[in-house]
1. Tell me the residue from 179, 157 that is at positive phi and not in a helix (DSSP H, G or I), please.
2. When residue 26 is evaluated against the numbered criteria (1) within 19 Å of residue 181 (Cα to Cα); (2) within 16 Å of the ligand (Cβ to nearest atom); (3) of a type in the set (Gly, Ala, Ser); (4) touching a Ser or Thr at 6+ places or on another chain (Cβ under 7 Å), which criterion, by number, is the only one it fails?
3. All but one of (1) over 20 Å from residue 185 (Cβ atoms); (2) touching a helix residue (DSSP H, G or I) at 6+ places or on another chain (Cβ under 6 Å) hold for residue 266, so report the exception by its number.
4. Out of all the residues in the range 352-403, which are at pLDDT below 90, among the charged types (D, E, K, R) and in a helix (DSSP H, G or I)?
5. When the residues of the range 33-57 are filtered to those that are outside any strand (DSSP E or B) and within 11 Å of the ligand (Cβ to nearest atom), which remaining residue is farthest from residue 257 (Cα to Cα)?
6. Of the conditions (1) within 22 Å of residue 67 (Cα to Cα); (2) more than 16 Å from the ligand (Cβ to nearest atom), residue 288 clears all except one; give me its number.
7. Pairs under 8 Å by beta carbon, first residue closer than 18 Å to residue 127 by Cα and in the same structural domain as residue 190 (by TED's automatic domain parsing) in the range 153-173, partner surrounded by 15 or more Cβ atoms within 10 Å (Cβ to Cβ) and among the small types (Gly, Ala, Ser), six or more apart or different chains?
8. I'd like the full set of residues that are in a strand (DSSP E or B), away from the ligand (no atom under 16 Å from the Cβ) and not charged (D, E, K, R), limited to the range 192-234.
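The values are calculated or read from the model by the stated rules, or taken from the named source; none is laboratory data. This structure is a prediction, so every number in the text was calculated from the model and none was measured. We place every Cβ from the backbone using ideal geometry, glycine too, and count neighbours over all the protein chains shown.
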Amino acid sequence: MSTTMETPMPQSDAALPERPPGPDTAIELSGVVKDYQSRRGEGFRAVQNLDLTIGAGEFFSLLGPSGCGKTTTLRMIAGFEEATEGRVLLYGQDVTTTPPNKRDVNMVFQSYALFPHMDIFSNVAFGLRRHKVPKEEIRARVQEALEMVEMGDLGKRRPTQLSGGQQQRVALARALVNRPRALLLDEPLGALDLKLRQTMQIELKRIQREVGITFVYVTHDQGEALTMSDRVAVMNRGRIEQLGTPEEIYERPATKFTAGFIGTSNILAGQVDRLDGDHAVLDYGDSGRVLVPRRLPVATGDRIELTVRPEKISLVDEPLPRGCALRGSVKEVVYLGTSTNYTVATAAGSDVVVFQQNSATFRGHLGRGDDVWLSWEPDHSYLLTDSGAGPRAAALEDSTTAG
Ligand code: ATP
């Protein structure tokens, strides 16, 4: 689509959650709900009461499993779907009911949707010609856009004469040439093989940095979201489960869903045996103890779940006097070259995965059935809330980051 607005829009001064209001706000969703109606007339809520603020110039990703409502959210920003409830604002202007071609955004899809009968130059020039932009300006802007995606020499080719990656670059140039204030990308790299996808991820980030416009990127690929984004919203069943920088999402997953969806995580469950200062303690007697910072109100006797990432755990011969220690027995060993993954049956009742770097100094290679101790810093234990806890999880996040 080609949807450049004719007039620049005023800057936002509306007060909305997550980020302070101000001129750096690009996109705001406030209380947005989307209900679909099935053919039999049954209602289905695809997006539930979404509040979201995306900053100008931000690379923002909506990440989640199939059917969680990412594309519906993006389509409401683009104007292809109308919100059932709530408001959508672009640069402070309420566009909730504004048609797509009157919004200052462009969309890039997984299917490149190039015109096969036109050469690359004409594909990119299409929107500008429709807007009756002068010929010389079209020539300069198309060339600039093609060079931005490193396709400057291929303007005369037809789409069928290009690889998938090259076609996606053209689709990107066609979206950028209109100079939209925001680019909405719906799994744009989904059709490419892994290696090309990884190259294009770095390319996309470079292009976004160079053009400086807001990118909203939909993906179900957590690696992709972590690689490129300034911030990520993890979505689950139509809600934002957690919102933060890639590091926050990875290092401090607030819910069991996020912990399970992003990377590999170990989840331990148990009843709190005692409190020790800022920590809750699960005590396994001679087989060790697990400490977790009390970022939520926790009392002795409460059942809790916590997560610890595999790379934070060390394999040692003896339990250390301080910190977390768990006795275990090696169940599986997977050698991966730079690292080895161990699955260890533990005294906590669940298996724990440990990533061990095969560094020059690491001597303790283990085999199945070997006894071992797991050791980690209490700060790498992270208390979880239930999946779908939504506002509570967000409020908890706020209170931990504020404090
Ligand atoms: P995917 O990664 O598979 O594209 P998604 O997270 O983008 O998934 P959406 O496409 O937003 O998910 O769909 C969210 C939910 O709404 C799904 O259950 C989907 O089946 C449903 N849905 C989407 N579009 C429609 C529609 N036009 N009519 C009815 N239901 C729809």
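1. Values: 157 fails: at positive phi.
That would be 179, the only listed residue that is at positive phi and not in a helix (DSSP H, G or I).
2. Of everything listed in (1) within 19 Å of residue 181 (Cα to Cα); (2) within 16 Å of the ligand (Cβ to nearest atom); (3) of a type in the set (Gly, Ala, Ser); (4) touching a Ser or Thr at 6+ places or on another chain (Cβ under 7 Å), residue 26 misses just condition (2).
3. Unmet condition: (2).
4. 392, 397, 398
5. Filtering the range 33-57 for residues outside any strand (DSSP E or B) gives 38-42, 56-57.
Narrowing further to those that are within 11 Å of the ligand (Cβ to nearest atom): 38-39, 42.
Working: 38: 28, 39: 31, 42: 28 Å.
Checked the range 33-57; the qualifying residue farthest from residue 257 (Cα to Cα) is 39.
6. Answer for residue 288: the failing condition is (1).
7. Going by the 8 Å Cβ cut-off, the qualifying pairs are 168/191; 173/145.
8. Going through the range 192-234, the residues in a strand (DSSP E or B) turn out to be 214-219, 231-234.
Retained after the next criterion (residues that are away from the ligand (no atom under 16 Å from the Cβ)): 214-215, 231.
The answer is 214, 215.
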